[in-house]
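Novice: Below is the structure I would like to discuss, written out as structure tokens.
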Amino acid sequence: MRSLTKLDLRLCTALEAVPDGLENLAHLMYLDIYRTKIYGLCDGLLHSLVNIQSLGFNHVNGGGKEVCLSALKRLKCLNCSFSDADEVHMFAKSNPHLPTWSDLSFGLNDDNNDGDYRLFHDDRFEIWSEDISECGKVVRIHGRKKNEIHGRISFLEDIQSLCIGYYNSGGACNMLDFYPTEVNVGIHLLTVEGVQEKTAFSILYPISHLKELIINRCRKLEYLFTGSAGVYLQNLQVLKIKLCDDLKGIIAPGSPDPIDTFPSLESIHVKDCSRIQTLVGHLLLLRLRKLRKIVALGCDSMKEIIEWSPVMPSDQVDLSSLKEIHMLNCKSIWRLLAAESLPLIQDLETIDAIYCKNMKEVIGHAQEQSSQNSSWPRLQQLKSLSLSLLPALKSICDQPLICSSIEEIAARGCPKLKRIPLYLPPGPDGCPSPPPNLKNIYVQSKERWESLEWPIQPEAKTLLQPFVRYDP
């Protein structure tokens, strides 16, 4: 037994005392007595378990006794429950430097609560960061009851990533109630989970260090921001929204329009938000001068990625930094981009559309507009156009598409597609020639390639044949 490295007593609800001899397990690296009737840890035990790397216990009803973890030099993961915020403040006072992963819960240890909240394996906790290695020190704080988490959190000193979980709560969801304002100036990633309110977040003072904001499972949230929130998110680079069923938009209608809002935002990801119809609406279009990437996944009602209107002040819109558009399983969208919006996104490099079952065209003119008298559309920096499993797709573009930087085109699972309207520029001899950087054109089969039509430049079929690759 002295060589034991893992002891998991979680959910042993009848256990009232630490097992005899536990202090002799010097090799123990994992100890979990969470959701038992053992409250707190004695100093003698803490000083004996010097090799502990993962620890779960109940601080609830600790009788005012402070628990100091300073002796656990190798501790990496902590799971601890508290009865209220006062206990957390007392605990944090004794432990200003938490381990790399800490899960602090409120009210989840009640006898009538059957939930099992295992440290960082619960599907409710998803950091969902692009690079988890850059999340730094992560703290999750979550609870169930009304007002369990209330008041500004300003007691954790050196964390870089904070996750707020607020399940089945009737309390307010103002981000100011969650975000640390005094000590935690180094936080760069904030995750908010489970807020069940319609009210959007309002931010009234600068959150200067926040770079990534993740909103997850806030199922009743209709708009993420009201007011001039973007003014105070000066360094926000990544915004991710997931499983917010009632979300209608990122900025609420009627919000003021400050000039300098979201000045650093580079990436917007929206996943499984069933009611949102437009990802980048006109209120956002006037703000996103550094936006590089748009991702929409599983948004059933989405009808357009970028809103376009003939009355929109195009001279005030700047999407010149946009490089990538990715769309997957958005079944209501029928046109990916309005041709009239292309002058705003001339640096676009990647278009990726997969399994959008009602998409009929990739680039098309807006309703009540005609392509007959318009110039041919241009995406001079486009390098990759990937279209997969689009059963209704009839057209990539209703005119020849000028994209001299194109490197790769893929059209798979698009049975109604009749044309690949790639414009072939004149070569030195004045005759059409393939784009200079073109490497591959992927289609399903030779029969599919032979079925394509080339009404504008009939010679294109022969000139592009060397670049065609068939699926095995």
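Novice: Can you report the number of residues in region 262-287 which are in a loop (DSSP other than H, G, I, E, B), open to solvent by less than 40 Å² (accessible area, probe 1.4 Å) and within 17 Å of Y223 (Cβ to Cβ)? Even if it seems obvious, please write down each step before you answer.
Specialist: Just the residues of region 262-287 that are in a loop (DSSP other than H, G, I, E, B), to begin with: 262-266, 272-277, 281, 286-287.
Those left that are additionally open to solvent by less than 40 Å² (accessible area, probe 1.4 Å): 262-265, 273, 276, 281, 286-287.
This time we only want the ones that are within 17 Å of Y223 (Cβ to Cβ), so: 262, 265, 273, 276, 281, 286-287.
Final tally of qualifying residues: 7.
Novice: Residues that are in contact with a His (Cβ under 8 Å, 6 or more places away or on another chain), open to solvent by less than 20 Å² (accessible area, probe 1.4 Å), assigned by the TED database to the domain that holds G413 and farther than 26 Å from G254 by Cα: does region 317-339 have at least one? If you could, list the steps in order and put the result at the bottom.
Specialist: Within region 317-339, the first condition is being in contact with a His (Cβ under 8 Å, 6 or more places away or on another chain), and the residues that meet it are 338-339.
Now narrow it down to the ones that are open to solvent by less than 20 Å² (accessible area, probe 1.4 Å): 338-339.
Cutting the leftovers down to assigned by the TED database to the domain that holds G413 gives us 338-339.
Subsequent filtering for residues that are farther than 26 Å from G254 by Cα retains 339.
The answer is yes; a qualifying residue exists.
Novice: Could you figure out which of (1) at pLDDT below 75; (2) in a loop (DSSP other than H, G, I, E, B) isn't true of N235?
Specialist: Of everything listed in (1) at pLDDT below 75; (2) in a loop (DSSP other than H, G, I, E, B), N235 misses just condition (1).
Novice: Taking the condition of being surrounded by fewer than 20 Cβ atoms within 10 Å (Cβ to Cβ) and within 14 Å of H59 (Cβ to Cβ), how many residues in region 27-44 meet it? So that I can check it myself, show each step before the final result.
Specialist: Within region 27-44, the first condition is being surrounded by fewer than 20 Cβ atoms within 10 Å (Cβ to Cβ), and the residues that meet it are 27, 29-30, 37-40, 42-44.
Still in the running and within 14 Å of H59 (Cβ to Cβ): 37-40, 42.
Residues in region 27-44 being surrounded by fewer than 20 Cβ atoms within 10 Å (Cβ to Cβ) and within 14 Å of H59 (Cβ to Cβ): 5 in total.
Novice: Considering (1) of a type outside the set (K, R); (2) surrounded by 15 or more Cβ atoms within 10 Å (Cβ to Cβ); (3) closer than 16 Å to I351 by Cβ, say which one N440 fails and leave the rest.
Specialist: Result: N440 passes all but (2).
Novice: Within region 298-316, count every residue that is surrounded by fewer than 17 Cβ atoms within 10 Å (Cβ to Cβ) and at pLDDT 90 or above.
Specialist: If we filter region 298-316 for residues that are surrounded by fewer than 17 Cβ atoms within 10 Å (Cβ to Cβ), which is where we start, we get 300-301, 303, 309-316.
Those left that are additionally at pLDDT 90 or above: 300-301, 303.
Within region 298-316, residues that are surrounded by fewer than 17 Cβ atoms within 10 Å (Cβ to Cβ) and at pLDDT 90 or above number 3.
Novice: Scan region 34-50 and report the pairs whose first residue is under 20 Å from T13 (Cα atoms) and outside any loop (DSSP other than H, G, I, E, B) and whose second residue is open to solvent by 20 Å² or more (accessible area, probe 1.4 Å) and modelled with pLDDT of 85 or more, with Cβ atoms within less than 6 Å and a gap of 6+ or a chain change.
Specialist: Qualifying pairs under 6 Å: none.
This table checks each residue for (1) farther than 23 Å from E361 by Cβ; (2) of a type in the set (G, A, S); (3) more than 33 Å from the chain's Cα centre (by Cα).
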residue: I396; (1), (2), (3): no, no, no
residue: Q399; (1), (2), (3): no, no, yes
residue: G430; (1), (2), (3): yes, yes, yes
residue: S433; (1), (2), (3): yes, yes, yes
residue: V443; (1), (2), (3): no, no, no
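The values are calculated or read from the model by the stated rules, or taken from the named source; none is laboratory data. Nothing here was measured: the structure is a model prediction, and the numbers come from that model. Backbone-built Cβ (ideal geometry, glycine too); neighbour counts: all protein chains shown. Just the protein is used for accessible areas: all its heavy atoms, side chains included, with ligands, DNA and RNA removed. Shrake-Rupley method; radii C 1.70, N 1.55, O 1.52, S 1.80 Å.
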